[in-house]
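A.B. asks: Dropping the structure in here first, questions after.
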Amino acid sequence: SLRLEITATTDAPTLWNAANHSYWNLDGSADWSGHALQIAADHWLATDTLDRPTGEILPTAGSAMDFRSLRPITPGQPPLDNCFALSRDRVALREVACLQGQSGVTLRLATTEPGLQVYDARAARRPGGQPYEGIALETQGWPDAPSHAQFPAIVLRPGQPCRQVTEWRFARP
C-alpha cells in the first residue's frame with residue numbers, strides 16, 4: 001500500500017484543490033491496453049472540446065462512462081479526461097476505484113475526496129514515450145468548482161484545517 005496525506009490550513013479564505021498526478025500501468029507494457037477499470041460513481045462531469053467541465057452532471061448509467069462494474073478499457077474508447085463524482089463532500093476514507101492489469105495485478109484506490117479525475121494520457125508523453133503509457137487516477141475536489149455553483153465548494157477557511165487522504169492498495173494473483 002501507498003498512502004498520501006495532504007493537510008492544509010489558511011489565514012484567509014483560499015481556493016484549495018490538491019491532486020496527485022500519478023500514472024499507472026500494471027503490466028509494464030508499452031501502454032495500458034488490456035487493463036480493466038471500475039469506479040464507484042453514479043455521475044460524471046461533462047466537458048467541452050477543451051476538456052473543461054461544462055457544469056453538467058451526467059448519470060454514468062447506460063453511458064460510455066459507466067464503470068460501476070469492472071470492465072475492460074481500451075485507449076481512446078472512450079477518450080478519458082473526466083471527473084467522476086464520488087460524493088458531494090469530503091468523507092471518511094473509502095474504496096472508490098479498481099484498476100486491473102492483464103497480469104492480474106490489481107490496484108484498489110481509496111480516498112476521502114469527492115472526485116476522481118481519470119486521464120488516459122493520450123497527450124502526456126515522457127521523453128521517448130508514447131501516448132497511453134499509463135492511466136492517471138487523480139483524487140480531488142471537482143475541477144473548476146468556483147465556476148459552477150452546483151459543484152461542491154473547494155474553499156479552505158481559517159480555523160477549518162483540511163486533510164486529504166488517498167491510498168493505493170496493490171495485490172497480485
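A.B. asks: Could you count how many residues in the stretch 109-134 are within 13 Å of Asn25 (Cα to Cα) and under 10 Å from the mean Cα position of the chain (by Cα)?
C.D. replies: The qualifying residues number 1.
A.B. asks: Name the residues in the stretch 62-87 that are small (Gly, Ala, Ser) and open to solvent by 60 Å² or more (accessible area, probe 1.4 Å), would you?
C.D. replies: Within the stretch 62-87, Gly62, Ser69 qualify.
A.B. asks: On to the next question. Suppose we filter Ala64, Ala97, Ala145 for residues that are under 22 Å from Thr10 (Cα atoms), touching a residue at least 12 places away in the same chain (Cβ under 8 Å) and among the hydrophobic types (A, V, I, L, M, F, W, C); which single one remains? Before you say what the answer is, go through the steps one by one.
C.D. replies: Details: Ala64 fails: under 22 Å from Thr10 (Cα atoms); Ala97 fails: under 22 Å from Thr10 (Cα atoms).
None of the others qualify; the one that does is Ala145.
A.B. asks: Still on this model: Considering only the stretch 140-173, state which residues are within 15 Å of Ser87 (Cα to Cα) and either over 19 Å from the mean Cα position of the chain (by Cα) or small (Gly, Ala, Ser) (or both).
C.D. replies: Matches in the stretch 140-173: Gly141, Ala145, Gln150, Ala153.
A.B. asks: Select, from Arg68, Arg90, the only residue that is of a type in the set (Lys, Arg), under 19 Å from Ala145 (Cα atoms) and outside any strand (DSSP E or B).
C.D. replies: One residue alone meets the criteria, Arg90.
A.B. asks: Please work out which residue is nearest to Leu99 (Cα to Cα), limiting yourself to the stretch 147-164 and to residues that are surrounded by fewer than 19 Cβ atoms within 10 Å (Cβ to Cβ) and among the aliphatic types (A, V, I, L, M).
C.D. replies: Ranking the candidates gives Ala153 first.
A.B. asks: Another question, if that's okay. May I ask you to say which residue of Gln102, Gln130 is at pLDDT below 95, part of a loop (DSSP other than H, G, I, E, B) and either on the phi < 0 side of the Ramachandran plot or touching a Lys or Arg at 6+ places or on another chain (Cβ under 7 Å) (or both)?
C.D. replies: Only one candidate passes the filter, namely Gln130.
A.B. asks: Within the stretch 1-32, how many residues turn out to be over 18 Å from the mean Cα position of the chain (by Cα) and not acidic (Asp, Glu)?
C.D. replies: Of the residues in that region, 11 qualify.
A.B. asks: How many residues does the stretch 1-47 hold that are under 21 Å from Ala153 (Cα atoms) and either of a type in the set (D, E, K, R) or without any contact (Cβ under 8 Å) to a residue 40 or more places away in the chain (or both)?
C.D. replies: The total comes to 5.
A.B. asks: Among the residues of the stretch 121-146, which ones are over 28 Å from Ala36 (Cα atoms) and either aliphatic (A, V, I, L, M) or loosely packed, with under 11 Cβ neighbours inside 10 Å (or both)?
C.D. replies: Ala145 - this is the single residue of the stretch 121-146 that is over 28 Å from Ala36 (Cα atoms) and either aliphatic (A, V, I, L, M) or loosely packed, with under 11 Cβ neighbours inside 10 Å (or both).
A.B. asks: Quick one: is Arg108 within 18 Å of Glu167 (Cα to Cα) and open to solvent by 40 Å² or more (accessible area, probe 1.4 Å)?
C.D. replies: yes
The values are calculated or read from the model by the stated rules, or taken from the named source; none is laboratory data. None of the values given here were measured: they were computed from a predicted structure. With ideal geometry, Cβ positions are generated from the backbone for all residues, glycine too; neighbour counts draw on all protein chains shown. Quick note on the areas: whole protein, heavy atoms, side chains included, nothing else; ligands and nucleic acids left out. Shrake-Rupley method; radii C 1.70, N 1.55, O 1.52, S 1.80 Å.
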